[in-house]
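Visitor: First, the structure itself, so that you have it in front of you.
The values are calculated or read from the model by the stated rules, or taken from the named source; none is laboratory data. Small disclaimer: the values here were computed from a predicted structure and weren't measured. A quick note on method: Cβ atoms are made from the backbone with ideal geometry, for glycine too, and the neighbour counts reach across all protein chains shown.
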Amino acid sequence: MPAFTLSYTALDTDGNYSTAVGSKNYLVSSVNLQALGCTADGAQVILDAAKKADFASATSIRTKPFQFTLRNCPAGMNSIKYQLDPIGTIISATDGTFQNATGTNMAKGVGLRITNEANTAPIRFGDSSYVVSDYSSASGNSSIPIKMNVSYYRTGTAAQVTAGKVMGTAQLTLFYL
């Protein structure tokens, strides 16, 4: 491990700051850094089948709850926040909507929408302000669910919806404060 120099300042007899009053070289033989963090279980969600006619009067249908589970979160952090981002094309980051995957046999005119546990507000992509409210700084947690909902989302008019598979992937990022 390399040596480092610690410089300091002090007040002189006139009450002025004096820089470079002194310095001392220190050699650190070892440092033990501990990274605090949780492990996260992924979530795979299979939505119920939908018919083209189901999209005639609604833009968001077949809502299904799911959760990510944080495990073995140690004590000592002030808080944990998270951010969710789709792997693919975002329709609206503020509305929590993103495009269906592309390829053979994929539906057209249909994407996915992710909302909060109560299904009353979208999960805003790229927003790292969501707090893991059940985290205990004093004792840590063995298991913390982050609950959400996902639904099919009509991306255009009902006439633009075609039959096929709907698939999407999102990435959960954790911030330890």
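Visitor: Return the only residue of 95, 85 being in contact with a strand residue (DSSP E or B) (Cβ under 7 Å, 6 or more places away or on another chain), surrounded by 14 or more Cβ atoms within 10 Å (Cβ to Cβ), of a type in the set (Asp, Glu) and in a loop (DSSP other than H, G, I, E, B).
Guide: 95
Visitor: Kindly indicate which of 156, 76 is of a type outside the set (Lys, Arg), in contact (Cβ under 8 Å) with a residue 24 or more places away in the chain, part of a loop (DSSP other than H, G, I, E, B) and over 28 Å from residue 39 (Cα atoms).
Guide: Exactly one residue qualifies, and that residue is 156.
Visitor: Ok, one more. Among the numbered criteria (1) more than 19 Å from residue 49 (Cα to Cα); (2) surrounded by fewer than 17 Cβ atoms within 10 Å (Cβ to Cβ); (3) modelled with pLDDT of 95 or more, which single criterion is violated by residue 140?
Guide: For residue 140, the failing item is (3).
Visitor: Let me ask something else. Given (1) under 23 Å from residue 165 (Cα atoms); (2) of a type in the set (D, E, K, R); (3) buried (at least 16 other Cβ atoms within 10 Å of the Cβ), identify the lone condition not met by residue 124.
Guide: Looking at each condition in turn, residue 124 falls short on (1).
Visitor: Please indicate, with yes or no, whether at least one residue in segment 57-69 is of a type outside the set (Lys, Arg), assigned to a loop (DSSP other than H, G, I, E, B) and surrounded by 12 or more Cβ atoms within 10 Å (Cβ to Cβ). Explain how you work it out, then say what you get.
Guide: Going through segment 57-69, the residues of a type outside the set (Lys, Arg) turn out to be 57-61, 63, 65-69.
Still in the list and also assigned to a loop (DSSP other than H, G, I, E, B): 57-59.
In the following step, the residues that additionally are surrounded by 12 or more Cβ atoms within 10 Å (Cβ to Cβ) were identified as 58-59.
Yes, because at least one residue in segment 57-69 is of a type outside the set (Lys, Arg), assigned to a loop (DSSP other than H, G, I, E, B) and surrounded by 12 or more Cβ atoms within 10 Å (Cβ to Cβ).
Visitor: When segment 149-177 is examined, which residues are found to be hydrophobic (A, V, I, L, M, F, W, C) and more than 12 Å from the chain's Cα centre (by Cα)?
Guide: Scanning segment 149-177 gives 150, 158, 159, 161, 163, 166, 167, 177.
Visitor: Would you say residue 50 is assigned to a loop (DSSP other than H, G, I, E, B), surrounded by 15 or more Cβ atoms within 10 Å (Cβ to Cβ) and in contact with a Lys or Arg (Cβ under 6 Å, 6 or more places away or on another chain)?
Guide: Against the criterion (assigned to a loop (DSSP other than H, G, I, E, B), surrounded by 15 or more Cβ atoms within 10 Å (Cβ to Cβ) and in contact with a Lys or Arg (Cβ under 6 Å, 6 or more places away or on another chain)), residue 50 qualifies.
Visitor: Tell me whether segment 125-137 contains one or more residues that are out of contact with any strand residue (DSSP E or B) (no Cβ under 7 Å at 6 or more places or on another chain) and closer than 30 Å to residue 108 by Cα.
Guide: No, segment 125-137 contains no residue that is out of contact with any strand residue (DSSP E or B) (no Cβ under 7 Å at 6 or more places or on another chain) and closer than 30 Å to residue 108 by Cα.
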